[in-house]
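The values are calculated or read from the model by the stated rules, or taken from the named source; none is laboratory data. None of the values given here were measured: they were computed from a predicted structure. All Cβ positions, glycine included, derive from the backbone under ideal geometry; neighbour counts span all protein chains shown. To get the accessible areas, we keep the full protein, side chains included, count just its heavy atoms, and leave off ligands, DNA and RNA. Shrake-Rupley method; radii C 1.70, N 1.55, O 1.52, S 1.80 Å.
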Amino acid sequence: MAPQGASVVATNRQARREFEIIDTIEAGLVLKGSEVKSLRQSKAQLAEAYGRIADGEAWLNSLHISPYDRASAVFGHDPDRPKKLLMHKGEIQRLKAQVDQKGLTLVPLSLYFKDGRAKVELAL
């Protein structure tokens with residue numbers, strides 16, 4: 001669950017039913033301005049999203065953030081582009097080891113704003 005005082009944007013209720021949650025971790029997101037504005041309007045879908053680790057970086061794929069209605073086409077964003085996750089190198093290496101050795105999956109549980117910054121709660 002999102003921490004106390006955080007403003008929840010989207011949750012993935014199916015993930016708790018379909019997967020056994022072993023561990024959770026909080027990560028920041030690299031977003032464009034129009035994506036942040038869409039998130040503030042709660043226009044995101046986590047249902048099909050999943051995390052992956054490639055080249056020493058963590059990514060969140062299939063997170064759909066609808067285009068901001070007041071953004072022009074030039075300054076808009078691709079709704080389904082992969083989002084980079086912000087985590088410490090040690091956390092990324094630990095997650096990669098668990099995903100590779102134990103065959104676990106990175107699943108986002110919730111997307112929220114904490115102290116004005118967009119965060120995602122990931123589960124193994």
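Scan A10, A54, A49, A6 and give me the residue that is in contact with a strand residue (DSSP E or B) (Cβ under 9 Å, 6 or more places away or on another chain) and free of Cβ contacts under 8 Å to residues at least 60 places away in the same chain. Talk me through it step by step, then tell me what you get.
Values: A10 fails: free of Cβ contacts under 8 Å to residues at least 60 places away in the same chain; A54 fails: in contact with a strand residue (DSSP E or B) (Cβ under 9 Å, 6 or more places away or on another chain); A6 fails: free of Cβ contacts under 8 Å to residues at least 60 places away in the same chain.
From the options A10, A54, A49, A6, the qualifying one is A49.
If a residue must be of a type in the set (G, A, S) and part of a helix (DSSP H, G or I), how many such residues does region 79-104 contain?
Keep residues of region 79-104 that are of a type in the set (G, A, S), which gives 90, 97, 103.
Subsequent filtering for residues that are part of a helix (DSSP H, G or I) retains 90, 97.
Residues that pass the stated criteria total 2.
Confirm whether Y112 is assigned to a strand (DSSP E or B), over 18 Å from E20 (Cα atoms) and either touching a Ser or Thr at 6+ places or on another chain (Cβ under 8 Å) or open to solvent by less than 40 Å² (accessible area, probe 1.4 Å) (or both).
Working: assigned to a strand (DSSP E or B): yes; over 18 Å from E20 (Cα atoms): yes; either touching a Ser or Thr at 6+ places or on another chain (Cβ under 8 Å) or open to solvent by less than 40 Å² (accessible area, probe 1.4 Å) (or both): yes.
Yes, satisfied.
So R81 passes all but one of these: (1) basic (K, R); (2) open to solvent by 60 Å² or more (accessible area, probe 1.4 Å); (3) more than 13 Å from A123 (Cβ to Cβ). Which condition number does it fail?
Unmet condition: (2).
Consider S7 carefully, then state whether it is polar (S, T, N, Q) and on the phi > 0 side of the Ramachandran plot. Please lay out each step first, then the result.
On the way: polar (S, T, N, Q): yes; on the phi > 0 side of the Ramachandran plot: no.
It is false that S7 is polar (S, T, N, Q) and on the phi > 0 side of the Ramachandran plot.
Consider K37 carefully, then state whether it is out of contact with any Ser or Thr (no Cβ under 8 Å at 6 or more places or on another chain), open to solvent by less than 90 Å² (accessible area, probe 1.4 Å) and of a type in the set (K, R). Step through it out loud before you land on a result.
Working: out of contact with any Ser or Thr (no Cβ under 8 Å at 6 or more places or on another chain): yes; open to solvent by less than 90 Å² (accessible area, probe 1.4 Å): no; of a type in the set (K, R): yes.
Against the criterion (out of contact with any Ser or Thr (no Cβ under 8 Å at 6 or more places or on another chain), open to solvent by less than 90 Å² (accessible area, probe 1.4 Å) and of a type in the set (K, R)), K37 does not qualify.
May I ask you to list the residues in region 13-47 that are within 12 Å of the chain's Cα centre (by Cα) and modelled with pLDDT under 90?
Narrowing region 13-47 to residues within 12 Å of the chain's Cα centre (by Cα): 25-31, 39, 44-47.
Answer for region 13-47, where residues must be within 12 Å of the chain's Cα centre (by Cα) and modelled with pLDDT under 90: just A47.
Could you grab me the full set of residues in region 63-83 that are out of contact with any Phe, Trp or Tyr (no Cβ under 6 Å at 6 or more places or on another chain) and either within 18 Å of P108 (Cβ to Cβ) or modelled with pLDDT of 95 or more (or both)? Lay out the reasoning, then the answer.
From region 63-83, those out of contact with any Phe, Trp or Tyr (no Cβ under 6 Å at 6 or more places or on another chain) are 63-81, 83; that's our starting set.
Within region 63-83, L63, H64, I65, S66, P79, D80, R81, K83 meet the criteria.
Might you let me know whether region 62-70 holds any residue that is open to solvent by less than 20 Å² (accessible area, probe 1.4 Å), in contact with a Lys or Arg (Cβ under 7 Å, 6 or more places away or on another chain), closer than 26 Å to V99 by Cβ and assigned to a strand (DSSP E or B)?
Step one: of region 62-70, the residues open to solvent by less than 20 Å² (accessible area, probe 1.4 Å) are 63, 65.
Of the ones still in play, those that are also in contact with a Lys or Arg (Cβ under 7 Å, 6 or more places away or on another chain) are 63, 65.
Next, only the ones that are closer than 26 Å to V99 by Cβ stay: 63, 65.
In the following step, the residues that additionally are assigned to a strand (DSSP E or B) were identified as 65.
Yes, some residue in region 62-70 is open to solvent by less than 20 Å² (accessible area, probe 1.4 Å), in contact with a Lys or Arg (Cβ under 7 Å, 6 or more places away or on another chain), closer than 26 Å to V99 by Cβ and assigned to a strand (DSSP E or B).
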